[in-house]
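Below you'll find the structure, written out as structure tokens, and then a few comments.
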Amino acid sequence: MKGLLSLMASMEKIVSLCKRRGFLFQSSEIYGGLQGFWDYGPLGVELKRNLKDAWWRDMCSGHNEMVQPAGAPSTFDMVGLDSTIIMHPQIWKCSGHYDMFHDYMVDCRESKKRYRHDQVRGRWVSHQEVKVFVTTMAEADEEQAEIQHRALKYFKLRPKDAEALVYDGPSTTLDTVDEFSQVLGPDAKTLGTLTEPREFNLMFKTTIGALGGEEDYAFLRPETAQGIFVNFKNVLDSSRINVPFGIAQVGKSFRNEITPRNFTFRSREFEQMEIEFFCHPNSSQDWYRYWRDRRLAWYQTLGLAPESLLMREHAAEELAHYSVGTADIEYAFPFLPKGEYGELEGIAHRGDFDLRSHMEGKLDPSTRPMVVELDEFGKPRHRGSGRDLTYRDDITGERFTPHVIEPSAGADRGALAFLCEAYHEDEAPDENGKPQTRVVMKLHPRLAPIKAAVFPLVKKDGMPELAQEIYAELKRDLAVFYDEKSAVGRRYRRQDEAGTPYCITVDTESLTTQTVTIRDRDTLEQTRVKIGELAAELKRRISG
Ligand code: GAP
């Protein structure tokens, strides 16, 4: 539970702290930045690495295949994979990404800007019988003010005339408007400048080799999942595992998002942490429920508050063409209006769609059960590999195409959610005992970039020497930080902002009793421990 004095910070405070303390920087900043691309600074890289390591350890390398986890239909195996970013272009044709991985965009003939159709928001506003849909791309908390400002300008009214505007209904997205002649585009001065929505494929194109002809086109992967599907047989044949089993992969994905926004939430280059879990069709619904519940619990274990998380099952009409069932784990990001949540992870029951697509060719999404899509000559539109990707159960002899459950998480969205959740402002006494507002990042110790900071209380009397000895010893297997500059209170503040859960102070007593104090970032409690027991105590606290 958050303390009384702590508050969910506005996004600006989080963004500013991220830059000031080196969690996140805009990519290519000295050249004016590049929209949709972000760099992780010294603290950010450790946070994101810790998040990916926690996922890998908890989902894959730490999995015990001999023990049936609570809620799982049976025991199962987990293995890992690291496939390439650029793969055979046919993979994207069979998966459906080549034909169907697009968003709708609208262009503005006046401003020459391009927007994602479903991300333009606006409100119907009338003045003296003229009704206009005034749009904006402003963030949620500025949306209404911006709409009003633009409406006043359009109707040539002054701010004091705001009451002359009549609103018809709440704000909504542009995709609820059928015809654009009365629409005022987000950056336009005149009506009706937006084009009809058009498809825009989100895959980044590149060329392989020096010739660069049409046949040399390839794509940067828009998801890590396909690398797993096309290696299903390789993994099965090279590891002594049986269905049910999962293959985990962490890596970069690329999507040419039309309007990247909300800090790192929608980026053009990002990292995914995906599991493709292969199981028998008869037990697939049980596995779907297992993974859905397990993934939600994982976020809570690492510190996301249950009241900030939502498990949203997709309605039938919202399901992707391949999906038998999908649930999104969503988080109440502070840049969203109150009561709205943003997707952190999707857990999809993909049936046998993926393995069949890579065997037989691209499936026709309008058919049930799905059959291979044919071209005008009656041939497969996109030919599959022709490889047998079915599975034979050694015990029963049954041959079947496994069903797939896919928990697909974003490492950058996860890191952003943990940063938002961690940001707190509270009061702590300064060195004179006076209460002061402090900014503290309450990151789970497993995720914290620095696990402990080591300070000599003062820079004399042998304290720095002993502190440096302790630092060198701890640094062998913990991310620790040494600081002897400025007053100890200020050093604590800097570590609070970095999310460091423990500060170790060497004081006069340390020199005679071989003990140090450990200060807990969240409770501010100080406990004295023997130097010889310090490493074990820290490890116990971090993993606990
Ligand atoms: N293989 C399935 C798949 O890729 P998705 O819902 O498109 O499903 C999975 O993506 C996760 O990847 C999302 O829940 C999100 O966390 C992350 N993600 C997707 N697009 C992203 C983007 N443009 N920027 C940051 N993260 C993104």
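Is the range 204-218 home to any residue that is among the β-branched types (Val, Ile, Thr) and touching a Gly at 6+ places or on another chain (Cβ under 9 Å)? Yes, the conditions are met somewhere in the range 204-218.
Matching residues to (1) among the hydroxyl-bearing types (Ser, Thr, Tyr); (2) in contact with a strand residue (DSSP E or B) (Cβ under 8 Å, 6 or more places away or on another chain); (3) within 30 Å of GLU139 (Cα to Cα):
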| site | (1), (2), (3) |
| --- | --- |
| SER308 | yes, yes, yes |
| ALA332 | no, yes, yes |
| PRO337 | no, no, yes |
| GLU343 | no, yes, yes |
| GLY346 | no, yes, yes |
| MET359 | no, no, no |
| LYS362 | no, yes, no |
| GLU373 | no, yes, no |
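The residues on offer are GLY213, GLY227, GLY192, and the sole one that is out of contact with any His (no Cβ under 8 Å at 6 or more places or on another chain), among the small types (Gly, Ala, Ser), within 16 Å of the ligand (Cβ to nearest atom) and open to solvent by less than 60 Å² (accessible area, probe 1.4 Å) is GLY227. One residue alone among LYS252, LYS233 is away from the ligand (no atom under 16 Å from the Cβ), open to solvent by 50 Å² or more (accessible area, probe 1.4 Å), within 25 Å of MET87 (Cβ to Cβ) and not in a loop (DSSP other than H, G, I, E, B), and that residue is LYS233.
Within the range 119-166, the residues that satisfy the criterion of being within 25 Å of the chain's Cα centre (by Cα) and open to solvent by less than 60 Å² (accessible area, probe 1.4 Å) are GLN119, VAL120, MET137, ALA138, ALA140, GLU143. Of all the residues in the range 361-387, those that are within 17 Å of PRO281 (Cβ to Cβ) and surrounded by 12 or more Cβ atoms within 10 Å (Cβ to Cβ) number 2.
Of the set (1) away from the ligand (no atom under 11 Å from the Cβ); (2) modelled with pLDDT of 95 or more; (3) of a type in the set (D, E, K, R); (4) assigned to a loop (DSSP other than H, G, I, E, B), all apply to ARG240 but (2). In the range 258-286, the residues that are free of Cβ contacts under 8 Å to residues at least 12 places away in the same chain form no Cβ pair under 9 Å with any partner that is acidic (Asp, Glu) and buried (at least 19 other Cβ atoms within 10 Å of the Cβ), whether six or more places apart or across chains.
Within the range 61-80, can you find the residues that are in contact (Cβ under 8 Å) with a residue 24 or more places away in the chain and among the hydroxyl-bearing types (Ser, Thr, Tyr)? Matches in the range 61-80: SER74 only. What about ARG198, is it of a type in the set (Lys, Arg) and surrounded by 14 or more Cβ atoms within 10 Å (Cβ to Cβ)? So ARG198 does not fit the description; no. Residue count for the range 461-491 under the criterion of being open to solvent by 90 Å² or more (accessible area, probe 1.4 Å), modelled with pLDDT under 95 and over 37 Å from the mean Cα position of the chain (by Cα): the result is 1. Candidates in the range 90-118 are the residues that are over 18 Å from VAL177 (Cβ atoms) and open to solvent by less than 30 Å² (accessible area, probe 1.4 Å); of these, the one that is farthest from the chain's Cα centre (by Cα) is CYS94.
Residue-by-condition table, conditions (1) in contact with a helix residue (DSSP H, G or I) (Cβ under 7 Å, 6 or more places away or on another chain); (2) more than 10 Å from the ligand (Cβ to nearest atom); (3) of a type in the set (Gly, Ala, Ser); (4) open to solvent by 10 Å² or more (accessible area, probe 1.4 Å):
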position	(1), (2), (3), (4)
THR259	yes, yes, no, yes
PHE270	yes, no, no, yes
TRP287	no, yes, no, no
ARG294	no, yes, no, yes
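Where the second residue is surrounded by 15 or more Cβ atoms within 10 Å (Cβ to Cβ) and the first is without any contact (Cβ under 8 Å) to a residue 40 or more places away in the chain and lies in the range 122-142, which pairs have Cβ atoms under 6 Å and are six or more apart or on separate chains? Going by the 6 Å Cβ cut-off, the qualifying pairs are HIS127/PHE155; HIS127/LEU165; ALA138/GLU146. So, in the range 35-49, of the ones that are surrounded by fewer than 15 Cβ atoms within 10 Å (Cβ to Cβ) and within 16 Å of the ligand (Cβ to nearest atom), which residue ends up modelled with the highest pLDDT? Ranking the candidates gives ASP39 first. One residue stands out among those in the range 201-210 that are more than 16 Å from the ligand (Cβ to nearest atom) and open to solvent by less than 70 Å² (accessible area, probe 1.4 Å): the one that is nearest to HIS102 (Cα to Cα), which is THR206.
So, in the range 296-330, of the ones that are surrounded by fewer than 17 Cβ atoms within 10 Å (Cβ to Cβ) and within 25 Å of LYS442 (Cβ to Cβ), which residue ends up nearest to the ligand (Cβ to nearest atom)? Result: MET311.
Among residues of the range 338-356 that are within 13 Å of PHE232 (Cβ to Cβ), those with a Cβ under 6 angstrom from a residue that is within 14 Å of the ligand (Cβ to nearest atom) and modelled with pLDDT of 95 or more, sequence gap 6+ or separate chain, pair up as ARG350/VAL404; ARG350/GLU406; ASP354/PHE229; ASP354/VAL404. Restricting attention to the range 331-362, the residues being within 14 Å of the ligand (Cβ to nearest atom) and more than 24 Å from HIS97 (Cβ to Cβ) number 4. Among helices (runs of 4 or more DSSP H) entirely within the range 458-541, having at least 3 residues that are touching a helix residue (DSSP H, G or I) at 6+ places or on another chain (Cβ under 9 Å) and touching a residue at least 60 places away in the same chain (Cβ under 8 Å) singles out 463-475.
Out of VAL458, VAL506, one residue alone is open to solvent by less than 30 Å² (accessible area, probe 1.4 Å) and aliphatic (A, V, I, L, M). It is VAL506.
Somewhere in the range 419-429, is a residue away from the ligand (no atom under 16 Å from the Cβ) and farther than 30 Å from ALA54 by Cβ?
yes
The values are calculated or read from the model by the stated rules, or taken from the named source; none is laboratory data. Being a predicted model, the structure only gives us computed values, none of them experimental. Ideal geometry is used to build each Cβ from the backbone, glycine not excepted, and the neighbour counts take in all protein chains shown. Side chains are part of the model used for accessible areas, which takes the heavy atoms of the whole protein and leaves out ligands, DNA and RNA. Shrake-Rupley method; radii C 1.70, N 1.55, O 1.52, S 1.80 Å.
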